[in-house]
Amino acid sequence: MRIQVPFFRADLNAQEVEEVVATLRSGWLTSGPKVRRFEQEFAATVGAPYAVAVNSCTAALHLAVEALGLKPGQAVLVPTMTFATTAEVVRYMGAIPVLVDCEPLTTNMDLDDAARKLAQLKSEPLASTLTEDIQLVGIIPVHVGGMMMNIDAVQSFSAADGLWAIEDAAHAFPAAWRRSPDEPWQQCGEGTAAVTCFSFYANKTITTGEGGMAVTHDAEVAERMRLMSLHGLSHDAWERYSGGGWDYRIIAPGYKYNLTDIAAGIGIHQLARAEQMRWQREDIARRYLEALGDVEELELPAKDENRIHSWHLFPIRLRLERLLINRNVFIEKLKQSDVGCSVHWRPLHLHPYYQETFGWRPEDFPVATALWERLVSLPIFPGMRDNELAHVVHTVRRLCAQYAR
Ligand SMILES: Cc1ncc(COP(=O)(O)O)c(C=O)c1O
């Protein structure tokens, strides 16, 4: 029998389906009691006092930069190795994303390169549109694939230059880091940044279809994000419904970013199973590492005893010097064998908008420029069957053997 392995298959159980039906029957479809409960339970899970549920991680990051007062013309350090969101929210505010190269091992932001870009910024404009008197105010680290950055390093880097840090933790739930085996774990969101933003998009580690959450330890920042998430109104719909009154005031021109109770109902159950689903992904990662560890044409993702990895992604790197085919052909061959895969990511500096607007050149980011052409993300999701995993392993091994140089 032919086995087809999708890149991702959402894991939704009967309770989640029943919760959606119950929500529809309740008559309360938009933000209501289930959103509040989801916020409270998520905040308690990551160890943050405040959580604001929204309809995407993009919305969460936009609200975060707005609440921290990002102004037009100011600059923010953003990794080039990330999804569109991380830089576009900076552009939403009319501010400038200063792109930073990645570390070769994790593909997370390279803080040494951030320091270099900062020094360059102070001495000469980085690109035609950037001026010397640009004011750098923040940094947005991304925990790529769910492998957290060293939070001490991020915090001391930002403290030295008076920057705020907002985490793009779209991949990093549940995830944690510690300084050493003798130190306690700190969860992503447990005071790891001024604001930490998570994604519940369809293929993320927990899902609400579309959804996101911003968590913070700062009551004022939380209040501003909540206000701006629903038109800048003084009371949100739920407070009006539950006795807050009909006479709202528009405090600021906000956005329409609220999560629905239909989505939150799914989220409550996904949250309760988040750790169990993480174990399942960790087990798949362990089996890939064992089964592909001896393939000389590949490099496998790094493990670290001081990280609880969410294993949202399992990106392998092709050793192109040992192969007769390039990455794109490798992906084509995987597809022909019914193995779904993806690439995380074409770096931002290789996209037309960022090249044309800021004049970034491939040589400004040597690590990301070389690395991205070697990346292939393999399927990893809870509920992946043994024969599916075996098919991926067999196909990858076969291609490496067939096209070895
Ligand atoms: C690193 C990163 N940040 C942000 C996002 C955006 O998440 P959302 O679709 O919830 O807005 C994604 C989505 O894939 C992502 O990979």
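None of the figures in this text is laboratory data; all of them are computed from the coordinates on show. Computed from a prediction, not measured in an experiment: that's the story for all the values here. Positions of Cβ are backbone-derived with ideal geometry, glycine not excepted, and every protein chain shown enters the neighbour counts.
A few comments on the model shown:
- Dipole check for the chain: with +1 at the C-beta of Lys and Arg, -1 at the C-beta of Asp and Glu, and the Cα centre as origin, the magnitude is about 1040 Debye.
- Global form of the chain, assessed from the alpha-carbon gyration tensor, a/c cut-off 1.5: oblate
- Length gained when the stretch ALA202-PHE7 is fully extended (0.36 nm per residue, less Cα-Cα span): 69.0 nm
- The packing ranking of peptides 148-155, 319-326, 255-262, 269-276, highest mean first, is 255-262, 148-155, 269-276, 319-326, where packing means the average number of other beta carbon atoms within 10 angstrom of each residue.
- Considering only LEU77, SER31, GLN135, the residue lying farthest towards the positive end of the dipole of the stretch 14-272 is SER31, judged by Cα position with unit charges set on Cβ.
- Over the chain, relative contact order from alpha-carbon pairs under 8 Å, at least 6 apart, %: 23 percent
- Simple spin-label estimate for VAL17 and LEU320 gives 4.5 nm between the two label positions (7 Å along the Cα-to-Cβ direction from each Cα).
- Difference of contour (0.36 nm per residue) and Cα-Cα distance, GLN40 to GLU363: 111.7 nm
- Value at 222 nm in deg cm²/dmol, rounded to 500, when DSSP H runs of n ≥ 4 in the chain each add -39,500 (n - 2.57): -11500 deg cm²/dmol
- Charge dipole (the stretch 275-402, unit charges on Cβ, about Cα centre) - positive-most of ILE325, TYR353, LEU313: ILE325
- Partner lysines whose Cα lies under 25 Å from the Cα of LYS117, excluding those fewer than 8 positions away in the same chain, are identified as LYS71.
- Length gained when the stretch LEU29-ARG397 is fully extended (0.36 nm per residue, less Cα-Cα span): 127.6 nm
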